[in-house]
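The values are calculated or read from the model by the stated rules, or taken from the named source; none is laboratory data. Every value quoted in this text rests on a predicted model; they were computed, and no experiment measured them. We place every Cβ from the backbone using ideal geometry, glycine too, and count neighbours over all the protein chains shown.
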Amino acid sequence: MNISVIGGGITGLVAAYLLSSQGKKIDLYESAHFLGGQASTVKLGGFRIERGYHHLFKNDYFIRKLLSDLGLHKSLSWYKSSVGTFTQGKLFPFSSPSDLLKFYPLSLSNRIKLGLISIFLQNKKRWEDYENISANEWIKQYAGLKIYETVWKPLLEMKFGEFYEQVGMPWFWSKMKTRFASRDLLGNEILGYLDNSFEELITTLKDRIEGMGGKIHLNSKVIKINQENGSITSIIVENLHKKNKIKTDLIINTAPSYELLKMVSFDKNYTAKLKAAQYLGASVFILLLKNKLSPYYWVNVTDKEIPFLGLIEHTNLVDKNLYGDNHIVYITNYASYKDPIFKEKEEVLLNRYLLHLKKINPSFKPEWVKDYVYNAVSAAQPIIPINYSEKKPSIVSPIKNLYIGNTTQIYPEDRGTNYSVKIAGEIVSLITEKGEHNEK
């Protein structure tokens, strides 16, 4: 059986690896010149760093098992995280219950209420109870307008832009659950990072796939999926402006839903499900700095005067000595692909951002920037609406032997490397079960 995997991100690589391990003939097609998607790395000042900030949580069981299976578990180190919030022109610590009690933009009663709401969600087991309400409405109803306006509305607006009122409550529930589940007995958030970056995982998967006879094709964009009598027959692959028709028996698509709809047509019902979740793009600068910008690994920016969502200071989690005693900071923003920031020249956008860094650290000077990389992605964050379990596209598509696995199907959890590994395993299990059934 010839299996074609569309997309060389973590989901595609893991699916290809697992199927290669079963002796299947695999061809993986990636439109970019690199593998790994947002977990892939770029060179910054001579150092390898992920295109999009990456860390693991203690409860990321699927990727931790994969790392163990690949012999990479010893490369995974754990660090105490730290969180800050910049609001009303001031940077506040926001890591612990004591930090919350000192958060004066809220009254003492509201600080306590916010803590109790967080504990309630941490212990809430059934996300299904939240299916029919948006995060926006639930927070207003149960946390109150003051907490909503001060803490959560600015974050939702910055994260989801014009779509912030549409996001289902299960998304918010899952974010709270994940972060609390990664705390130690003292309440400290503990996060993991691979000593040699996520490039080590990507390279290992690539080597294992190729070592088992699989083939990986870079700069190869699948532009069409052909079908006959409801079953896939071949794909059209574009490489270096040349188009090739390739016969295949089974396809795993990990590309975004809107890309899939360009390749093949489905019935009205499945098409509606593929369109149910829209995507936001991401605009990310990675800076190599001479000096530390803030005391925190993660800074949520809820101040409306600041034009970006957050600052992730990688070297406040991982030792800066790994990067030549430099400091690495991500400046991140989520926006619709139609947003003007994606048309703005990166130098102009960066200079605008740098002006605002001085508000967060008055000592900051543009001369601190030794190097930078800019990364823009069109499908970084799916927007998951209410009642999504009824709208979520199934992994098994209506077209025979065409399987779908992308970030819109990670639900109720939010997208991330752990759940990319999980959905790859689910796809492979379905394919394996079908094969075993056919043999019987």
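Details
- Meets criteria (over 30 Å from Glu128 (Cβ atoms), touching a Gly at 6+ places or on another chain (Cβ under 7 Å) and not in a strand (DSSP E or B)) for Tyr337: yes
- Selected residue [over 30 Å from Asn269 (Cβ atoms) and outside any helix (DSSP H, G or I)] from Pro385, Pro362, Pro398, Pro393: Pro362
- Hits in the range 159-175 - residues which are modelled with pLDDT under 90 and either more than 16 Å from the chain's Cα centre (by Cα) or more than 28 Å from Trp138 (Cβ to Cβ) (or both): Gly161, Glu162
- In a residue-by-residue description of the range 185-202, the property of being among the acidic types (Asp, Glu), crowded, with 20+ Cβ neighbours inside 10 Å and closer than 21 Å to Gly84 by Cα applies to at least one position.
- Of all residues in the range 87-134, those satisfying the criterion of being small (Gly, Ala, Ser) and out of contact with any strand residue (DSSP E or B) (no Cβ under 7 Å at 6 or more places or on another chain) are Gly89, Ser96, Ser98, Ser107, Ser109, Gly115, Ser118.
- Every test in (1) surrounded by 20 or more Cβ atoms within 10 Å (Cβ to Cβ); (2) at pLDDT below 95 is passed by Asn229 save one, and that test is (1).
- When each of Ser107, Ser68, Ser95, Ser77 is tested for being crowded, with 18+ Cβ neighbours inside 10 Å and of a type outside the set (Asp, Glu), the lone residue that passes is Ser95.
- Filter pass, Lys43 being out of contact with any Phe, Trp or Tyr (no Cβ under 9 Å at 6 or more places or on another chain), exposed (fewer than 13 other Cβ atoms within 10 Å of the Cβ), part of a strand (DSSP E or B) and at negative phi: yes
- Screening Gly84, Gly71, Gly8 for residues that are at pLDDT 95 or above, of a type outside the set (Asp, Glu), in a loop (DSSP other than H, G, I, E, B) and touching a strand residue (DSSP E or B) at 6+ places or on another chain (Cβ under 8 Å) leaves exactly one candidate, Gly8.
- Pairs, first under 10 Å from Leu56 (Cα atoms) and in contact (Cβ under 8 Å) with a residue 60 or more places away in the chain in the range 175-199, second of a type in the set (Ser, Thr, Tyr) and not in a loop (DSSP other than H, G, I, E, B), C-beta under 6 Å, six or more apart: Leu191/Tyr79; Leu194/Ser75
- Only residues that are outside any loop (DSSP other than H, G, I, E, B) and surrounded by fewer than 21 Cβ atoms within 10 Å (Cβ to Cβ) were counted in the range 49-65, giving 4.
- Qualifying positions in the range 111-141 - without any contact (Cβ under 8 Å) to a residue 40 or more places away in the chain and crowded, with 16+ Cβ neighbours inside 10 Å: Arg111, Lys113, Leu114, Ile117, Ala135, Asn136, Trp138, Ile139, Lys140
- Any hit, the range 367-382, residues being in contact with a helix residue (DSSP H, G or I) (Cβ under 8 Å, 6 or more places away or on another chain) and outside any strand (DSSP E or B): no
- Of the helices (runs of 4 or more DSSP H) lying entirely inside the range 117-187, the ones with 1 or more residues being farther than 18 Å from Leu309 by Cβ are found at 135-143, 169-181.
- Enumeration of residues in the range 13-39 that are hydroxyl-bearing (Ser, Thr, Tyr) and in a loop (DSSP other than H, G, I, E, B): Ser31
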